[in-house]
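The values are calculated or read from the model by the stated rules, or taken from the named source; none is laboratory data. Not measured: the values here are computed from a predicted model. Neighbour counts run over all protein chains shown; Cβ positions are idealised from the backbone, glycine included.
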Amino acid sequence: MREPWWKEAVIYQIYPKSFCDSNGDGIGDLQGIIGKLDYLQQLGVDAIWLSPVYRSPQDDNGYDISDYQDIDPIFGTLADMDELIARAGERGIRIIMDLVLNHTSDEHPWFREAKKSRENPYHDYYIWRDGQEGAYPNELRAAFGGPAWEWVPECGQYYLHQFSVKQPDLNWENPAVRQELYRMIQWWVDRGVGGFRLDVADLLGKEPDAMVMAEGKMLHPYIKEMSRAVFQQHDLVTVGEAWSANTQNALLYSNPDGSELSMVFQFEHMVMDQQPGGSKWDLAPLPFVEFKKVFAKWQQALYHKGWNSLFFENHDLPRSVSRFGDDGAYRERSAKMLATCLHGMQGTPYIYQGQEIGMTNPRMEIGEYRDIELLNMYRERMAAGVPKEQIMGSIYAKGRDNARTPMQWSDEKNAGFTEGEPWISVNPNYTSVNAARAAADEDSVYHYYRRLIALRKSCRVLIDGNYEPLLLEDPYVFAYTRTSPDGQILVACNFSGREVPCKILDGWEEAEVLIHNEQEALLPGRLRPYEAVMLKRCFCGRAG
Ligand code: GLC
Ligand code: CA
């Protein structure tokens, strides 16, 4: 039996607001994306994960949906969406929609009805608890700050919101809610989308009274029900965002029997450079050896039993070259090194817009930031007396707007993103870091990604080879092999700015160099600063 297409796919994530503006209002839109499909086809990606473009008050940039079956006017129309699906399809690119099923906007008609009275037929679409104003049902906190409960005098009740007050949680215990959502998903399938990314999938089975939000008892039964109702009926890729996932429950989410989703999108490697017990804002150096062990654990636990997403960036995370590489002198080399490290592993690689040209974190004035999470944190910590420099340090390192500055297309005004005033500042380094320049330079990060994507198509061992970590205790080198019946790959990456020994290269002198982020030949038994290489040897006498 042929493996599902998404095991060989590379997925490109677009954050529509910041990708490309076609009409000069300063906000990226669907026609802007359509205009860049050639660029994405040349890169070689198989699918686009589109962050939400549904109708929304944009309190959380579209993750607060007021109509699941319409496009927000800032992005275009349903006709534009149909055109995007069709034009992408002609290029062999599928469109993956972002499904926000945990909550809606408070401006969704369901919630407008729900908050009118306890007797309203939509009341039970959301999660309400009795109480008195000022006496919260319990201690639950919202991810974007403050209590997770909001008082509605008309009902004399609190509603639950795990994110902002404008994102009330849907009541998944109500079968009518689930059926409405499944019908909506089916409607998008009928329009031709190729799959779905399920926003905060791990929260759907929440048990607020028990203060259990992720991995509630009903979570996997709900996902199975949804999968039977829609996903299994079609050839779709389905991706579950799960901050709480571990290597056990990942086997449920991504069971190869297809009973739940195609793959899990988990973050264990993304929450290591923070203080134990603190939040992402409480910075700590990356424990590199532990980082490698986390990857090894996931690679081995899911082998033949599940499927993982491979990513270093998305719209909620800082730029990887600023975080794990060197965004100064070694920007290009370290960006390629990170790409090599990730694309050699098993799973489906994701490229977040701009990662393929090595975009970096900006450092802006507080007034230039737009993200609700970041601004709420700033206000809370300022009020608590935390020094401003410390707060800004956290924002520079971890703020979500690091990934949301406009895509840098060229060295023209506003990086070629818009003719108007961009909704968020452009990173001033666009004059040198931009897609036009990268496309014209065969040695750029962009062309390196293009070659890595092509390798995934030509080199079977990248899809199904067994992962063996090497040099696990080494403080600088991230190395591993992938082995399948027809061959073996060695990946060796120097995560440091110094030249380091790398003895495992001995014995690979005759191997084929699949990709190497350095013009000069490999040094015997050593790696230059941020040097990375992927080598392949065939098993003679066998196929391959
Ligand atoms: C997910 C999204 C994030 C959003 C949150 C609430 O984590 O990736 O951007 O703010 O869910 O929907
Ligand atoms: Ca626009």
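Structural remarks
- Taking the listed residues GLY416, GLY399, the one that is at positive phi and among the small types (Gly, Ala, Ser) is GLY416, with no other qualifying.
- Residues located in segment 477-532, provided they are in contact (Cβ under 8 Å) with a residue 60 or more places away in the chain, farther than 24 Å from GLN299 by Cβ and in contact with a helix residue (DSSP H, G or I) (Cβ under 9 Å, 6 or more places away or on another chain): GLY497, GLU518, PRO529
- Looking only at residues in segment 337-381 that are in a loop (DSSP other than H, G, I, E, B) and within 16 Å of ligand 1 (Cβ to nearest atom), the one that is farthest from TYR476 (Cα to Cα) is ARG370.
Condition check ((1) over 24 Å from HIS447 (Cβ atoms); (2) part of a loop (DSSP other than H, G, I, E, B); (3) in the same structural domain as TYR446 (by TED's automatic domain parsing)) across all residues:
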{"residue": "ASP474", "(1), (2), (3)": "yes, yes, no"}
{"residue": "THR481", "(1), (2), (3)": "yes, no, no"}
{"residue": "ILE489", "(1), (2), (3)": "no, no, no"}
{"residue": "CYS493", "(1), (2), (3)": "no, no, no"}
{"residue": "SER496", "(1), (2), (3)": "yes, yes, no"}
{"residue": "GLU509", "(1), (2), (3)": "yes, yes, no"}
{"residue": "ILE515", "(1), (2), (3)": "no, no, no"}
{"residue": "GLU520", "(1), (2), (3)": "no, yes, no"}
{"residue": "TYR530", "(1), (2), (3)": "no, yes, no"}
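- Scanning segment 217-267 for residues being in a helix (DSSP H, G or I) and closer than 18 Å to GLU180 by Cα gives a total of 13.
- Of the residues making up segment 42-83, those that are more than 20 Å from LEU198 (Cβ to Cβ) and not charged (D, E, K, R) number 13.
- Breaking point among (1) part of a helix (DSSP H, G or I); (2) on the phi > 0 side of the Ramachandran plot, for HIS304: (1)
- All conditions but one from (1) surrounded by fewer than 20 Cβ atoms within 10 Å (Cβ to Cβ); (2) in the same structural domain as PHE312 (by TED's automatic domain parsing); (3) among the aliphatic types (A, V, I, L, M) apply to ALA435; the one that does not is (1).
Here's the yes/no breakdown for (1) within 16 Å of ligand 1 (Cβ to nearest atom); (2) farther than 19 Å from THR348 by Cα; (3) touching a strand residue (DSSP E or B) at 6+ places or on another chain (Cβ under 7 Å):
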residue: TRP5; (1), (2), (3): no, no, no
residue: ILE11; (1), (2), (3): yes, no, yes
residue: ASN23; (1), (2), (3): no, yes, no
residue: ASP29; (1), (2), (3): no, yes, no
residue: GLY35; (1), (2), (3): no, yes, no
residue: LEU40; (1), (2), (3): no, no, yes
residue: VAL45; (1), (2), (3): no, no, yes
residue: PRO52; (1), (2), (3): yes, yes, yes
residue: SER56; (1), (2), (3): yes, yes, no
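Okay, residues lined up against (1) of a type in the set (Lys, Arg); (2) touching a Leu at 6+ places or on another chain (Cβ under 9 Å):
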{"position": "VAL45", "(1), (2)": "no, no"}
{"position": "SER56", "(1), (2)": "no, no"}
{"position": "GLY62", "(1), (2)": "no, no"}
{"position": "ILE74", "(1), (2)": "no, no"}
{"position": "ASP82", "(1), (2)": "no, no"}
{"position": "ARG87", "(1), (2)": "yes, yes"}
{"position": "VAL100", "(1), (2)": "no, yes"}
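- Annotation note: of GLY28, GLY92, the sole residue that is in a loop (DSSP other than H, G, I, E, B), assigned by TED's automatic domain parsing to the domain that holds THR348, crowded, with 24+ Cβ neighbours inside 10 Å and not charged (D, E, K, R) is GLY28.
- Residues of segment 56-67 that are more than 16 Å from ligand 2 (Cβ to nearest atom) and either part of a loop (DSSP other than H, G, I, E, B) or buried (at least 22 other Cβ atoms within 10 Å of the Cβ) (or both): PRO57, ASP59, ASP60, TYR63, ASP64, ILE65, SER66.
- Among the residues making up segment 392-415, a single one is surrounded by 23 or more Cβ atoms within 10 Å (Cβ to Cβ) and of a type in the set (Ser, Thr, Tyr): THR405.
- Whichever residue in segment 224-283 is surrounded by fewer than 17 Cβ atoms within 10 Å (Cβ to Cβ), touching a residue at least 60 places away in the same chain (Cβ under 8 Å) and of a type in the set (D, E, K, R) and, among such residues, is nearest to ILE93 (Cα to Cα): ASP235
- Of the strands (runs of 3 or more DSSP E) contained entirely in segment 128-216, not one carries at least 2 residues that are within 26 Å of ASP82 (Cα to Cα) and among the β-branched types (Val, Ile, Thr).
- The set of residues in segment 284-316 that are within 29 Å of ASP98 (Cα to Cα), surrounded by fewer than 19 Cβ atoms within 10 Å (Cβ to Cβ) and of a type in the set (A, V, I, L, M) comprises VAL294, ALA296, ALA301.
- Apart from one condition, PRO121 fits all of (1) more than 16 Å from ligand 1 (Cβ to nearest atom); (2) out of contact with any Gly (no Cβ under 9 Å at 6 or more places or on another chain); (3) outside any strand (DSSP E or B); (4) over 19 Å from ARG178 (Cα atoms); the exception is (4).
- Members of segment 342-376 that are crowded, with 24+ Cβ neighbours inside 10 Å and farther than 23 Å from ILE14 by Cβ: GLY344
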